[in-house]
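Trainee: Please find one structure pasted underneath; my questions will follow.
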Amino acid sequence: MPQANITKRTVDAAKPGERDQFLWDETLAGFGLKVTPAGGKVYVFQYRIARPGEAERSAPSRYTIGKHGALTPDQARRRAKELAALVEHGTDPRELEADARATKEEAARQARERGRLEGELAFSRMADLWLDHYETEKARRPASVRLARLVVTNHLKPALASKALPHIGRANLQSVIDAIPLRQKGMRRAVFAYASVLFGWAVKRGDMPANPLATMQKPEAPKARERVLDDHELASVWMATAPLGDPFGAFVRLLILTGQRRSEVAGLAWSELDRGTATWTLPAARAKNDAAHIIPLSADAVRELDTLAKGDTWPKAGLVLTTTGKTPISGMSKAKLALDAAVAKVRDGDPLSDWRIHDLRRTLATGLQRLGVRFEVTEAVLNHVSGAKGGVAGIYQRRDWKEEKRSALDAWARHLALILEPADIVNVVQFEIAKGAA
């Protein structure tokens, strides 16, 4: 093979042939110039490398340094010297280049994956997707959907934001729960519960390997409330509903009269009511325990609904308690504050301590027991699947207690009338006694 000192002059003088022509440098072994039949000139480095355990060097390998023009002969020579040093130390330049290329490709892949995680699997995006799924997957109570959105919006998103689902671990979620004051046990449990459902959904989709809450300790449950309003307190609440106005005043009075859950009464629809039979049929889709429920309406409850309907002909459709005509009443916290202020005024400036709207339901349950109503009937009025209706008894006892429920709620309405207008009741009784004596 021809040899010469590779310089600009010798490179310019090199001519193409019918096949690749090579000019090898006289001073640097392996450094050469390849001239293609088309006249292209490329600097190359040819070498043999000793493999571990092999007595002789391998077959020659050729490494392309670069095109003449893009590189000067001196630049190509410096690169050839670097390659020769690598070979001398047992490093194959082509393998090194392949490793570098693989490293670059892996870095690009990781960058793409990071982009996907930060985009497609970012917590904020996936949480919104889950909320839509949670609400539409099956009929859920509006209160459950609202709480799910509150948990995501107020607690999970601010802490996790753009963090990718696969990168969220126990420590991240423990920090979210720890940020909620210990006294708010109910909210700590709610965040844990809804987050567990969200991440369980993501695991089933294949968006993350495991649910980080599966091995976490569930926050302590709040102590069950035992607050029951006495007759004087209940009368104060009832009387305070008048200045509150409707629909919120009627909402509280219907809660007191029926003992049903707050969300169930708030979402009451005219289509669920039948004035002829004085019944309210709560569909399973709106019941907390997914069990349809028939609530007999006392005469007082019917009067409340007549007032809202502006007559004794009730609408066939629409919401009973609404300020917009399209959605159930909301703003319960604000309404409760107004009710508390009205209650304090009724009680001559003495506010009612430590009570919640849900306590009205417990008060009715306790009141029915005081009136001698059977426990099973009380459970039926409340639409509870527990106690006497749970387990084996719940399987074999299919009685709906319809008449007993009506008698119980009518007795409760009479009790309310007694505690609201005791003086008038006493006067009527005394008049009837006197009339009989005469």
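Quick note: the coordinates plus some simple rules give every number you see, no bench work behind them. Being a predicted model, the structure only gives us computed values, none of them experimental. Ideal geometry is used to build each Cβ from the backbone, glycine not excepted, and the neighbour counts take in all protein chains shown.
Trainee: Taking other Cβ within 10 Å of each residue's Cβ, how do Met126, Met239, Met208 sort, fewest first?
Mentor: Neighbour counts put them in this order, fewest first: Met239, Met208, Met126.
Trainee: Turning to a different aspect of this structure: Would you list which aspartates and glutamates come within 17 Å of Lys41, measuring only between C-alpha atoms, while excluding same-chain residues fewer than 8 positions from it?
Mentor: Qualifying aspartates and glutamates at Cα under 17 Å: Asp12, Glu18, Asp20, Asp25, Asp74.
Trainee: Next question, about the same structure. Ala242 versus Ala341, label points 7 Å from Cα toward the beta carbon: distance in nm?
Mentor: It is 1.9 nm.
Trainee: By how many degrees, 0 to 90 and rounded to 10, does the Cα axis of helix 332-346 deviate from the longest principal axis of the chain?
Mentor: 30
Trainee: Among Ala195, Gly206, Val252, whose Cα sits farthest toward the positive end of the charge dipole of the range 172-252 (+1 at Cβ of Lys/Arg, -1 at Cβ of Asp/Glu, about the Cα centre)?
Mentor: Gly206
Trainee: For the range 120-169, run through the GluC sites (Glu not before Pro) and keep only the ones in DSSP coil with at most 15 other Cβ atoms within 10 Å of their Cβ.
Mentor: Glu120, Glu137
Trainee: Same structure again: Mind pulling the angle between the C-alpha long axis of helix 402-420 and the longest principal axis of the chain? Nearest 10 degrees, somewhere in 0 to 90.
Mentor: 70
Trainee: In square nanometres, what is one fourth of the surface area of the convex hull spanned by the alpha carbons of the range 266-330?
Mentor: 4.5
Trainee: If the chain between Glu105 and Glu421 were fully stretched, how many nm would it gain, using 0.36 nm times the residue separation less the Cα-Cα distance?
Mentor: Full-extension gain reported as 105.3 nm.
Trainee: Picking from Leu96, Ala29, Leu368, whose Cα lies most toward the positive end of the charge dipole for the chain (charges on Cβ: Lys, Arg +1; Asp, Glu -1)?
Mentor: Value computed over the given set: Ala29.
Trainee: Something else: Calculate the dipole size of the chain relative to its Cα centre from +1 charges on Lys and Arg beta carbons and -1 charges on Asp and Glu beta carbons; express the result in debye to the nearest 20.
Mentor: I would put it at about 1040 debye.
Trainee: Name the shape class, rounded, prolate or oblate, that the alpha-carbon gyration tensor gives for the range 123-205, where a ≥ b ≥ c are the square roots of its eigenvalues, rounded holds for a/c under 1.5, and otherwise prolate holds if a/b is larger than b/c and oblate otherwise.
Mentor: Oblate.
Trainee: Which of Ser298, Ser196 has the fewest other C-beta atoms within 10 Å, and how do the rest follow up to the most?
Mentor: Ser196, Ser298
Trainee: Taking 7 Å along the Cα-to-C-beta vector as the label spot, tell me the Ser162-Ala85 distance in nanometres, rounded to one decimal.
Mentor: Calculated label separation equals 4.2 nm.
Trainee: How much FRET efficiency would the formula 1/(1 + (r/R0)^6) give for Ser124 and Glu226, where r is the Cβ-Cβ distance and R0 is 45 Å, rounded to 0.05?
Mentor: Efficiency for this residue pair is about 0.65.
Trainee: Mean residue ellipticity at 222 nm from the helices of the chain, using -39,500 (n - 2.57) per DSSP H segment of n ≥ 4 over the full residue count, to the nearest 500 deg cm²/dmol?
Mentor: -16000 deg cm²/dmol
Trainee: Give the aspartates and glutamates whose C-alpha is closer than 18 Å to that of Lys334, dropping any in the same chain fewer than 8 places away, or say none.
Mentor: Asp246, Asp354, Asp359
Trainee: Follow-up. Which length gain, in nm to one decimal place, applies between Thr307 and Thr327 when the Cα-Cα distance is subtracted from 0.36 nm times their residue separation?
Mentor: 5.2 nm
Trainee: May I ask you to list the aspartates and glutamates whose Cα is less than 12 Å away from that of Lys163, ignoring any residue fewer than eight positions away on the same chain?
Mentor: Cα-Cα hits under 12 Å: Glu118, Glu120.
Trainee: Modelling each spin label as a point 7 Å along the Cα-to-Cβ direction, I'd like the Trp270/Ala50 distance in nm, to one decimal.
Mentor: Rounded to a tenth, the inter-label distance reads 10.0 nm.
Trainee: Next up: Out of the range 130-193, which trypsin sites (Lys or Arg not before Pro) are coil in DSSP terms and have no more than 12 other C-beta atoms within 10 Å?
Mentor: Lys138, Arg183
Trainee: So how tilted is helix 73-88 from the main axis of the chain? Cα-based, degrees 0 to 90, rounded to 10.
Mentor: 80
Trainee: Report the extension gain between Lys316 and Thr27 in nm, rounded to one decimal, defined as 0.36 nm multiplied by the number of residues separating them, less their alpha carbon distance.
Mentor: Answer, rounded to one decimal: 93.7 nm.
Trainee: Once you charge only the Cβ atoms, +1 for Lys and Arg and -1 for Asp and Glu, what is the size of the charge dipole of the range 126-284 about its Cα centre, to the nearest 20 debye?
Mentor: Once rounded to the nearest 20, the dipole reads 580 debye.
Trainee: Here's a follow-up. Please go through the residue pairs Lys310/Lys405; Lys34/Lys104; Lys8/Lys67; Lys157/Lys336; Lys288/Lys402; Lys138/Lys402 and name each one whose alpha carbons sit more than 24 Å apart in this structure.
Mentor: Too far apart for the 24 Å limit: Lys310/Lys405; Lys34/Lys104; Lys157/Lys336; Lys138/Lys402.
Trainee: Two-decimal Rg/Rh of the chain from alpha-carbon positions, Kirkwood Rh?
Mentor: On the Cα set of the chain, Rg over Rh gives 1.40.
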